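A short write-up of the structure that comes next.
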Protein chains: 2
Amino acid sequence: MKEGPDIAQIGALIGDPARANMLAALTGGKALTATELAAVGGITLQTASAHLAKLEAGGLLLPRKQGRHRYFTLADETVARPIESMMGFAASRGHLRHQPGPKEPALRKARICYDHLAGDYGVRMLDSLVARGAIDAVGDGLALTAKGEETFQCIGINVADLKASRRPLCRSCLDWSERRAHLAGSLGKALLVNFFDKGWARRTAGSRSVIFSPEGERQFLALFPVETPVAA
Amino acid sequence: MKEGPDIAQIGALIGDPARANMLAALTGGKALTATELAAVGGITLQTASAHLAKLEAGGLLLPRKQGRHRYFTLADETVARPIESMMGFAASRGHLRHQPGPKEPALRKARICYDHLAGDYGVRMLDSLVARGAIDAVGDGLALTAKGEETFQCIGINVADLKASRRPLCRSCLDWSERRAHLAGSLGKALLVNFFDKGWARRTAGSRSVIFSPEGERQFLALFPVETPVAA
DNA sequence: TCCATACTTCGACCGTAGCCGAAGCATCTC
DNA sequence: GAGATGCTTCGGCTACGGTCGAAGTATGGA
């Protein structure tokens with residue numbers, strides 16, 4: 001016994017409902033203030049403050065002071081990964097806590113997963129990129145092809161810049177709603193940022209869902225077609 | 001709020017030290033009895049029984065009754081994945097709970113990770129396979145090459161059989177002690193089983209470490225060489 | 001300077017969950 | 001059948017952690 005890393009600590013941190021809600025909200029990749037996090041956790045500000053102190057001490061969160069606000073983000077990708085895989089587990093067991101409201105379908109359609117696009121649209125995008133040979137799905141990983149490099153240049157993404165960073169370019173991320181892979185990594189992030197910049201889509205306040213404008217949706221669907229079977 | 005899967009439940013289950021120890025022990029892939037798990041958790045049998053009931057109800061464990069014993073295993077790979085990624089996180093933060101004993105070095109050298117080889121030897125094996133072109137490290141994923149298929153046939157692994165299963169052939173798994181990737185997936189499992197069958201290595205009771213016989217070690221190192229720099 | 005806002009600290013309350021001793025089933029061995 | 005072994009259930013104790021009200025500190029704006 002007593003071998004290996006101590007997983008009980010991080011487990012306990014995630015194990016409280018209020019904290020779990022906060023962390024799940026931060027999976028959206030956006031920095032949130034203590035007050036906002038108190039709201040998503042369904043607790044008062046004092047209690048939230050105590051929780052946030054614990055999460056910070058545990059190395060899960062990074063605080064950033066800005067004026068009289070304190071913004072929190074997930075510390076890095078090694079924090080996001082356990083959370084995502086736990087969501088995958090929970091989804092596979094049907095432990096959903098959905099209050100089936102209008103937001104639910106929107107969330108399944110397109111949402112932010114840490115810093116890239118997930119949901120139906122995220123899966124569709126990757127499928128389409130693979131189908132056209134821009135990305136190779138090889139084994140359980142993903143790789144950019146020469147043809148893909150061209151494609152992304154056209155879209156307006158400078159792949160050379162991304163390659164300079166140490167972060168993996170392509171990474172496959174399991175989607176809890178679709179149970180299929182979507183594109184993560186720096187390329188996944190760059191694509192989402194690109195959509196925002198072009199005004200095709202925007203974030204929603206207080207939710208992880210991504211809303212496409214009518215025009216943006218048209219463009220997106222045209223850019224990432226799916227091969228439809230011939231007959232109806 | 002209240003969107004997406006409920007991660008608090010699984011977090012709380014992993015969050016108790018006794019349960020975390022049990023789960024970590026089961027990451028070794030071997031089925032363990034309630035009494036054995038009580039020992040690794042450092043608690044009495046009654047308490048362990050209560051914990052195991054909770055883990056089972058939460059869908060983390062699968063019990064199998066055999067005579068007057070009850071054997072427990074992790075339910076499936078979707079359970080092992082969050083645990084492994086949490087170990088990765090904890091290791092990256094230095095949350096080790098090592099009782100530095102004689103077992104520690106052995107554990108870092110070679111151990112079981114769910115069902116495949118991890119530790120220094122696991123990392124070395126993958127490095128060597130990549131260096132000789134048997135496996136392609138592409139993006140963050142892994143893929144078997146044509147040349148590799150030959151190689152594994154020689155070693156005594158029927159790749160065609162593995163391909164028939166739905167489980168991914170190659171998967172990269174982050175090693176918490178080495179902080180580098182080793183080979184998981186059905187191929188990783190097949191290799192480890194192969195070593196056991198050949199008598200090169202064996203499991204140890206009550207630990208996840210893998211012990212190589214002197215002859216087995218010689219063979220293993222010869223089979224998976226590392227390109228050493230020329231000078232001393 | 002004065003007030004509003006954002007957040008933290010303190011202190012007290014309370015519920016839950018972990019823990020074990022003792023007793024109760026179930027299964028195997030002889 | 002008697003006894004040993006593996007495990008579960010019950011009951012009661014205890015402690016820890018989550019919760020909030022109230023008061024305190026920092027920042028920004030008028």
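The values are calculated or read from the model by the stated rules, or taken from the named source; none is laboratory data. From a predicted model like this one, the values you see are computed outputs, not experimental measurements. Note that each Cβ is placed from the backbone with ideal geometry, even for glycine, and that neighbours are counted across all protein chains shown. Quick note on the areas: whole protein, heavy atoms, side chains included, nothing else; ligands and nucleic acids left out. Shrake-Rupley method; radii C 1.70, N 1.55, O 1.52, S 1.80 Å.
Answer with yes or no whether A:E84 is within 22 Å of B:A20 (Cβ to Cβ), open to solvent by 20 Å² or more (accessible area, probe 1.4 Å) and either within 12 Å of DNA strand D (Cβ to nearest atom) or within 14 Å of another protein chain (Cβ to nearest Cβ) (or both). Answer is yes for this residue.
Is it the case that B:E178 is within 16 Å of the chain's Cα centre (by Cα) and at pLDDT below 80? When the stated conditions are applied, B:E178 passes them. Is it true that A:G206 is within 21 Å of A:A31 (Cβ to Cβ), surrounded by 11 or more Cβ atoms within 10 Å (Cβ to Cβ) and at pLDDT below 80? Considered against the rule, which asks whether it is within 21 Å of A:A31 (Cβ to Cβ), surrounded by 11 or more Cβ atoms within 10 Å (Cβ to Cβ) and at pLDDT below 80, A:G206 comes out as yes. Tell me yes or no: at least one residue of the range B:15-31 is more than 30 Å from A:C173 (Cβ to Cβ), open to solvent by less than 60 Å² (accessible area, probe 1.4 Å) and more than 13 Å from DNA strand D (Cβ to nearest atom). The answer is yes; a qualifying residue exists.
Yes or no, residue by residue, for (1) near DNA strand C (Cβ under 8 Å from one of its atoms); (2) touching a residue at least 40 places away in the same chain (Cβ under 8 Å):
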| position | (1), (2) |
| --- | --- |
| A:A34 | yes, no |
| A:G42 | no, no |
| A:G59 | no, no |
| A:R68 | yes, no |
| A:S85 | no, yes |
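Checked against (1) modelled with pLDDT under 90; (2) buried (at least 19 other Cβ atoms within 10 Å of the Cβ); (3) more than 10 Å from every other protein chain (Cβ to nearest Cβ), A:R68 meets all criteria but (2). Applying the condition of being within 15 Å of DNA strand D (Cβ to nearest atom) and not in a strand (DSSP E or B) to the range B:67-81 and asking which residue is farthest from B:R19 (Cα to Cα) yields B:G67. Counting the residues of the range A:36-59 that are within 13 Å of DNA strand D (Cβ to nearest atom) and within 14 Å of another protein chain (Cβ to nearest Cβ) gives 13.
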